[in-house]
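Structure first, then comments.
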Amino acid sequence: MAAVEPLPPETLSTPCTLSHVDFTTTDDLDDGIEFIGQERPIAAIELGVTIEREGYNIFALGPSGTGKYTVIQRIVEQRAAAEPAPDDWCYVNDFEKPSSPRALRLPAGKGMELKRDMERLVAELRTGLSSAFESEEYTTRRRALQEEFEQREQQSLEELQERARTRGIALLRAPSGLGFAPLRDGEVLPPEEFQKLPEEEQKRLKDEIDALQEELQKVALQAPRWKREFGARLRELNDEVTGLVVEDLLDDLLAKYEPLPDVTAYLGAVRRSVAEHLADFLETGEEKPEEGAVAGLPIPDTFRRAPALRRYQVNVLVDSGGAAGAPVVYESNPSYLNLVGRVEQMSMMGALLTDFTLIKPGVLHRANGGYLILDAAKVLTNPYAWEGLKRALQFRQIRIESPGQMLSMTSTVSLEPEPVPLDLKIVLMGDRQLYYLLAESDPEFDEYFKVAADFDDEFVRDDETTRKYARLIAGTARRAGLLPFDRPAVCRVVEHAARLVEDKERVTAQMRTIVDLLQESDHWARLAGVELVGVEHVQQAIDAQIYRSDRVRARLLDQTLRETVLIDTGGQKVGQVNGLSVLSLGTFSFGRPSRITATVHIGKDEVIDIEREAELGGELHSKGVLILSGFLRGRYAQDHPLSLGASLVFEQSYGEVDGDSASSAELYALLSAIAHLPLAQSFAVTGSVNQYGEVQAIGGVNEKIEGFFDLCKARGLTGGQGVLIPAANVKHLMLRRDVVEAVAAKQFAVYPIATVDEGIEVLTGVPAGEPDDEGLYPDGTVNRLVADRLAEMAEKGKGPEEDDESQHARHGGPSGAARGDAAD
């Protein structure tokens with residue numbers, strides 16, 4: 001096996017030169033590009049906005065900062081600009097059922113026009129009706145009608161009075177009402193004189209009075225009928241006068257809105273209602289003092305007016321007048337009420353009042369006929385918002401009701417506005433985990449969001465991509481009003497974009513981070529008083545970002561340097577190796593070396609993971625430890641049981657350990673402990689391992705190398721220090737400049753390791769050894785030492801019966817014969 005050589009410095013980072021792009025500063029570049037490398041989600045979004053089928057709403061998934069909103073906004077706005085403006089929507093009173101306001105659909109701009117027409121109509125009705133009912137003609141006709149019915153009543157009484165006088169009885173008017181009394185010589189007979197009359201005369205007069213009283217009662221019973229007749233005649237007169245005024249004013253409106261049947265039907269209902277509520281129009285004054293006004297509280301204009309004016313108001317819910325195309329709406333607070341709308345209430349005289357003029361639109365109303373963009377996480381975290389949104393999509397209508405009404409939890413009398421038909425495209429934005437969670441747990445999700453626009457967080461770094469990246473940087477700087485960037489500065493930004501994705505062959509698509517870097521670089525350049533952003537300003541911005549976030553990293557490094565945390569960077573130890581891990585705090589990640597130790601003893605095929613036993617090890621870490629056992633069995637325990645007991649631990653680890661990137665380091669420590677071979681402590685190791693001893697790629701390779709390098713540099717670089725990484729991670733290397741320079745000066749080394757054998761040779765300086773045709777390893781090799789030690793442990797671990805059987809087999813007994821047959 002050839003010895004593994006350290007990586008040359010040019011492989012540790014891939015610099016960007018942009019030699020294929022002809023420019024000196026970003027002012028020389030065309031900025032006609034806003035996003036790159038998102039062909040897949042762009043195609044999905046274009047499908048979603050153009051297909052005219054139900055359920056083809058869009059879920060844009062991907063990490064934040066990848067430009068999801070920018071891409072969606074551009075595509076949707078371009079599509080919306082070519083579409084017609086949506087119709088207006090208004091709520092008007094339903095005169096037959098006021099608790100269920102009617103929804104009117106009008107062409108764009110006609111809603112406000114109808115509102116003004118109705119306000120003008122009511123004002124003219126008040127004036128016209130007041131003038132008509134105060135006119136001399138109406139007064140004369142009403143007086144004549146009234147006199148006719150008064151004369152009829154008076155004539156009936158006069159006829160009754162005349163009949164009574166012929167019988168010697170007078171009809172008297174008293175405060176208590178009408179009554180009869182006997183007459184003598186034309187004068188009312190006093191009671192005492194009446195008592196002096198003969199009994200027969202008294203009886204006759206009483207009988208006459210009783211008969212007349214009955215006739216008076218008949219006349220009195222006719223009075224209500226006469227009043228009803230008078231009321232009916234008066235209403236006919238009022239309707240006639242009202243009809244003349246209303247017809248004259250409504251004819252023009254009916255002709256104007258004749259193409260809109262719903263509006264003409266509403267105007268017909270207005271005509272009938274005006275006649276029924278004539279008294280409201282004849283009241284004087286429009287302003288009504290309310291309790292809220294006295295208390296200094298805001299009162300809606302409609303509530304300051306007389307009920308007659310509110311009844312005939314038009315509540316314009318959606319006004320599309322002046323719109324250049326279909327609406328594109330982004331709602332930052334998609335609560336249930338903000339989505340579907342609400343019915344507001346006002347406190348008046350200690351009671352909560354409402355009517356159709358207090359119906360407020362939701363974002364679904366404002367985006368109807370166009371496009372609505374929502375943040376999926378915000379929708380899901382607002383109570384009932386997700387259910388309300390799905391319900392609107394299911395029934396294709398917007399029903400305004402409170403959450404209590406939706407859930408049938410309340411029985412309070414309230415308005416139930418007529419639902420508005422829904423026709424729009426919804427775009428939800430969220431991360432991938434949220435998308436897959438909804439797809440898994442909500443069976444209706446795929447029915448309403450059939451288009452997934454999956455935004456990538458990185459794309460290939462090639463000449464074409466870097467050319468577009470440079471143009472994107474130029475456009476961003478120009479739009480944000482930043483200073484121009486020179487060529488080295490743009491190259492440094494591209495290099496940082498590759499470092500963010502930990503891949504020299506890729507660059508990040510998370511443009512928010514790049515924009516932040518551009519803005520901070522501009523800031524440092526302006527502080528320096530220069531007119532051009534240079535590479536030093538970009539590097540200063542990167543360093544400042546790290547410095548703001550690396551307090552914990554610096555504290556952990558200090559603890560190691562003060563030997564509070566024990567990490568060796570020199571010498572040799574048996575069963576001890578430096579592992580590497582990555583800690584992430586917010587957006588900042590850094591590498592941290594950790595001491596891993598292993599101890600072995602005779603046992604029964606048991607490798608104890610102390611982290612797992614202490615419930616500090618994650619599932620992936622436990623899996624890695626189990627793989628180690630599989631490797632040991634597969635390589636060293638083919639002819640005898642693995643009589644090994646071992647313990648593995650991350651020393652001075654007080655939190656959860658997860659991931660399998662330390663499994664190769666753990667295996668090296670285990671092999672060292674078994675073979676009694678010391679490992680060089682000047683190296684740190686990272687990489688996962690499989691059961692065949694192949695070292696596999698891991699994440700955070702740059703941070704891990706730099707973490708160990710910082711410790712070695714703080715203690716003093718000796719030239720013998722370095723890091724072992726998986727060979728598969730070489731393409732991910734974008735190391736800091738100081739690390740590359742140290743490697744170039746042969747003060748530090750990075751070794752690409754493909755197998756466990758390569759790694760153990762670097763750590764021990766002893767050949768790993770390859771098996772011969774009989775499966776035996778050469779003397780003095782690591783594998784031979786391990787195999788011999790495990791065979792020795794297996795022999796010592798046998799019981800008496802197993803020992804006798806083994807001796808018998810060695811002398812050619814039945815067991816040996818059986819073993820030979822099986823081998824043949």
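The values are calculated or read from the model by the stated rules, or taken from the named source; none is laboratory data. None of the values given here were measured: they were computed from a predicted structure. Counting neighbours? That spans all protein chains shown, and the Cβs are built from the backbone with ideal geometry, glycine included. Ligands, DNA and RNA are stripped out before the accessible areas are found, and what is left, the full protein with its side chains, is counted by its heavy atoms. Shrake-Rupley method; radii C 1.70, N 1.55, O 1.52, S 1.80 Å.
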Please verify whether the stretch 751-764 includes one or more residues that are surrounded by 19 or more Cβ atoms within 10 Å (Cβ to Cβ) and assigned to a loop (DSSP other than H, G, I, E, B).
no
Here are some residues: LEU254, LEU249, LEU244. Which one is open to solvent by 90 Å² or more (accessible area, probe 1.4 Å), under 60 Å from the mean Cα position of the chain (by Cα), within 30 Å of GLU96 (Cβ to Cβ) and among the aliphatic types (A, V, I, L, M)?
LEU244
Of the residues in the stretch 6-44 that are of a type in the set (A, V, I, L, M) and either part of a loop (DSSP other than H, G, I, E, B) or open to solvent by less than 20 Å² (accessible area, probe 1.4 Å) (or both), the one that is modelled with the lowest pLDDT is ILE33
The stretch 765-800, subset surrounded by 20 or more Cβ atoms within 10 Å (Cβ to Cβ) and among the β-branched types (Val, Ile, Thr), residue farthest from GLN721 (Cα to Cα)
VAL786
Search the stretch 58-82 for residues being assigned to a loop (DSSP other than H, G, I, E, B) and surrounded by 21 or more Cβ atoms within 10 Å (Cβ to Cβ), and hand back the single one that is modelled with the highest pLDDT.
GLY62
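I'd like to check something: does the stretch 213-234 contain any residue that is of a type outside the set (Phe, Trp, Tyr) and outside any helix (DSSP H, G or I)?
Within the stretch 213-234, not a single residue is of a type outside the set (Phe, Trp, Tyr) and outside any helix (DSSP H, G or I).
Return the residue satisfying two criteria in turn: it lies in the stretch 34-69 and is of a type in the set (D, E, K, R) and in contact (Cβ under 8 Å) with a residue 24 or more places away in the chain, and of such residues it is nearest to ARG471 (Cα to Cα).
Among those that are of a type in the set (D, E, K, R) and in contact (Cβ under 8 Å) with a residue 24 or more places away in the chain, it is GLU34.
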Right, ARG526: at pLDDT below 95 and part of a helix (DSSP H, G or I) or not?
no
Say whether the condition of being at pLDDT below 70 and either in contact with a Ser or Thr (Cβ under 6 Å, 6 or more places away or on another chain) or assigned to a loop (DSSP other than H, G, I, E, B) (or both) is met by at least one residue in the stretch 633-640.
no
If you scan the stretch 349-361, which residues turn out to be outside any helix (DSSP H, G or I), at pLDDT 90 or above and more than 25 Å from the chain's Cα centre (by Cα)?
ILE359
Looking only at the stretch 475-488, count every residue that is assigned to a helix (DSSP H, G or I) and surrounded by fewer than 24 Cβ atoms within 10 Å (Cβ to Cβ) and tell me the total.
6
Would you check which residues across the stretch 420-446 are assigned to a helix (DSSP H, G or I), open to solvent by 80 Å² or more (accessible area, probe 1.4 Å) and in contact (Cβ under 8 Å) with a residue 40 or more places away in the chain and list them?
none
Out of (1) out of contact with any Gly (no Cβ under 6 Å at 6 or more places or on another chain); (2) under 23 Å from GLY575 (Cβ atoms); (3) basic (Lys, Arg), the one LYS704 does not meet is (1)
If we ask which residues in the stretch 540-573 are under 38 Å from the mean Cα position of the chain (by Cα) and surrounded by fewer than 17 Cβ atoms within 10 Å (Cβ to Cβ), their number turns out to be 11
State yes or no: is LEU364 assigned to a helix (DSSP H, G or I) and crowded, with 21+ Cβ neighbours inside 10 Å?
yes
Determine, yes or no, whether TYR469 is at negative phi and either part of a loop (DSSP other than H, G, I, E, B) or touching a residue at least 12 places away in the same chain (Cβ under 8 Å) (or both).
yes
